[in-house]
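J.: Structure incoming, see below.
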Amino acid sequence: MNRFWAISGLFFVACATSAQSASRPSSSSGQVIWEPPAWTFLHEIPKATVSKQMLATLRVSGFPITLENTKMDKVSSTLGGSIGQKGDAGNFEEWLCFYGTDPSGRWVLWLESGEIDGGTVGSFQWQRLDTSAVLDGRCQMLGDAKVDLPIAVRLGTVEAGVLKSLGRPTVRRGDRLVYVHEHQESIRGEPFDSSNIVAILLRAGRVWEIDVSKTTSS
């Protein structure tokens with residue numbers, strides 16, 4: 001089952017617009033930021049158009065993280081931070097919240113895990129913070145540490161750089177570029193479907209937010 005269907009509370013909000021706004025803390029809303037935003041920009045999974053997997057790893061403060069492999073508690077014990085939790089069964093999710101600075105300002109990073117991930121990091125959201133944003137004390141400060149991705153896209157990358165690195169998006173929703181990859185693979189002789197989704201939000205023509213998920217399911 002795909003992550004978008006298995007963890008509907010994280011990736012879909014099937015309710016009114018006002019409820020969507022309440023469930024998605026904004027970096028400019030004045031709310032104290034702790035929980036990761038819900039993915040409200042897709043109401044169905046578009047047919048995959050990207051031929052190869054795009055993003056399944058990252059490094060945070062030099063610590064390597066592999067989606068669907070690195071355990072949340074391992075990240076917490078290495079980098080610090082409190083693991084937040086909510087929901088149960090198919091709606092269960094947990095997360096770690098980190099923040100830091102770079103020459104362009106502050107940013108926040110959520111590492112996330114749902115019921116389908118079995119305690120591993122299955123997705124992440126990395127976004128710029130407005131100057132007025134207030135972070136919860138449970139978010140862990142990483143100081144001048146970097147978030148390194150294995151692609152030439154970062155916060156602040158111009159749109160042309162995104163298109164050069166990732167190509168034409170699967171779908172575009174205003175300033176949001178969504179890339180979808182899927183392939184089948186065999187694990188211990190059993191067939192599995194693997195998906196990798198990368199969503200880029202642009203603001204003033206530059207990357208403001210990067211959302212990534214990886215899901216392998218039967």
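The values are calculated or read from the model by the stated rules, or taken from the named source; none is laboratory data. Keep in mind the model is a prediction, meaning the values are calculated, not measured. Ideal geometry is used to build each Cβ from the backbone, glycine not excepted, and the neighbour counts take in all protein chains shown.
J.: Any idea which of A133, A89 is over 18 Å from the mean Cα position of the chain (by Cα), over 18 Å from S195 (Cα atoms) and surrounded by 18 or more Cβ atoms within 10 Å (Cβ to Cβ)?
T.: Answer to the selection: A133.
J.: Residues of region 187-200 being in a strand (DSSP E or B) and surrounded by fewer than 20 Cβ atoms within 10 Å (Cβ to Cβ), which ones?
T.: Across region 187-200, the qualifying residues are I187, E190, P191, F192, D193, S194, S195.
J.: Further question on the same structure: Being out of contact with any Ser or Thr (no Cβ under 8 Å at 6 or more places or on another chain) and either buried (at least 17 other Cβ atoms within 10 Å of the Cβ) or hydroxyl-bearing (S, T, Y) (or both) is the filter here; which residues of region 136-148 pass it?
T.: C139, V147
J.: Which residues, taken from region 92-130, are under 18 Å from the mean Cα position of the chain (by Cα) and at positive phi?
T.: Passing the criteria: G118, G119.
J.: What residue, among those in region 166-177 that are at pLDDT 95 or above and closer than 21 Å to L129 by Cα, is surrounded by the fewest Cβ atoms within 10 Å (Cβ to Cβ)?
T.: Restricting to residues being at pLDDT 95 or above and closer than 21 Å to L129 by Cα, the top hit is D175.
J.: Right, another one. In the set V32, V50, which member is modelled with pLDDT of 50 or more, out of contact with any Leu (no Cβ under 6 Å at 6 or more places or on another chain) and within 23 Å of C97 (Cα to Cα)?
T.: Just a single option satisfies the conditions, and that option is V32.
J.: Is there any pair with a first residue in region 66-80 that is under 17 Å from C97 (Cβ atoms) and a second that is among the basic types (K, R) and part of a helix (DSSP H, G or I) whose Cβ atoms are under 9 Å apart and which are 6 or more apart or on different chains, and what are they?
T.: Close Cβ pairs satisfying both conditions: none exist.
J.: While we're looking at this one, here's another question. Specify which of the listed residues (L163, L142) is at pLDDT 95 or above and either closer than 26 Å to E35 by Cβ or among the aliphatic types (A, V, I, L, M) (or both).
T.: Just one listed residue meets the conditions, L163.
J.: Determine which member of the set S186, S132, S123, S165 is closer than 19 Å to T49 by Cβ, out of contact with any helix residue (DSSP H, G or I) (no Cβ under 6 Å at 6 or more places or on another chain) and hydroxyl-bearing (S, T, Y).
T.: S165
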